[in-house]
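Comments concern the structure below.
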Amino acid sequence: MFIPCEKAYAEDRLKNGFTRVMSFVDLSILAKYFKYLGKNKTQIHEDLVSFCKKFYGDYNNVLFAPRLQKAIDKNDESELRIFKSIGITKNEIDIIHTISDFRYQKILFIFLIIGKIFHEDGEINYYCNNSFTEVIKEAKVNINKKERERILHELNLTGLVSNTLNGSVKINFVDESQNDFYIIVNDKNNLISFFPFECFNCKKELNKISRKHNLCEECYKEKRRMVIRDSTRKYRENNM
């Protein structure tokens, strides 16, 4: 599950309840949230029980006590994740733009952002541990299951990302200079809206993209003109 901001996620659970009945993910993040608020383990347990009783009428203390305790113990491993603005450099965008397919560009952009969101200080590499299905959902790319496998394979062939043995994806084009951000991503709910599309021919920024080609209107018209001209020439040559 892609959760860029655990604080916002926990606050939404407190308001709207479980995403799934007795979800361990929900309980774990709530436990971290209560810890973030300064509560001790006894208080966290009491708050989790209150939450469960409120949003799950069949809650049973004896039956679910181990699950709650596991959720509480798990929050010792990491701090509550709070979404912060993500800086993207011009070099990173330029690298993505070397790929001609807009769908691939969008996916790479989301890989990059996720890698930065979940990157922890001291780590050398950047990874995405989310499923590819979650990635393409954030990228707002509509592809079927068979295409997903092919596209992920082709992205690996570019060397910009690579699958690891544990099933995560390593992002290989992170610009670690971090000193001149070209884009600041500050909306966790619409990450792909920050990606700047450009014409693959003239490099002009595009306000609207086409599903059929990767060119601006002028370059597309010129390309069509050249295609028609070549087709006409070949027709004349074959009918002389």
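Brief remarks on what is shown
- So Ile209, is it modelled with pLDDT under 90, of a type in the set (Val, Ile, Thr) and surrounded by 11 or more Cβ atoms within 10 Å (Cβ to Cβ): yes
- For segment 80-105, the set of residues classified as over 14 Å from the mean Cα position of the chain (by Cα) and of a type in the set (Phe, Trp, Tyr) consists of Phe102 only.
- Qualifying positions in segment 95-138 - within 27 Å of Asn201 (Cβ to Cβ) and among the hydroxyl-bearing types (Ser, Thr, Tyr): Thr98, Ser100, Tyr104
- Condition check for Ile107: in contact with a helix residue (DSSP H, G or I) (Cβ under 6 Å, 6 or more places away or on another chain) and under 30 Å from Cys216 (Cα atoms): yes
- Listed here are the helices (runs of 4 or more DSSP H) enclosed by segment 10-100 that have at least 2 residues being closer than 30 Å to Cys199 by Cα: 90-97.
- Flag if Phe55 is touching a residue at least 60 places away in the same chain (Cβ under 8 Å) and among the aromatic types (Phe, Trp, Tyr): no
- Residue identified as in contact with a Leu (Cβ under 8 Å, 6 or more places away or on another chain), basic (Lys, Arg) and not assigned by TED's automatic domain parsing to the domain that holds Glu147 among Arg81, Arg13: Arg13
- Residue in segment 43-59 that is surrounded by the most Cβ atoms within 10 Å (Cβ to Cβ), counting only those that are within 33 Å of the chain's Cα centre (by Cα) and among the aromatic types (Phe, Trp, Tyr): Phe51
- Consider segment 123-154 and keep the residues that are within 23 Å of Asp175 (Cβ to Cβ) and of a type in the set (S, T, N, Q). The one that is surrounded by the most Cβ atoms within 10 Å (Cβ to Cβ) is Asn130.
The values are calculated or read from the model by the stated rules, or taken from the named source; none is laboratory data. Keep in mind that what you see is a predicted model, and the values were worked out from it rather than measured. Every residue, glycine as well, gets a Cβ built from its backbone with ideal geometry; the counts of neighbours run over all protein chains shown.
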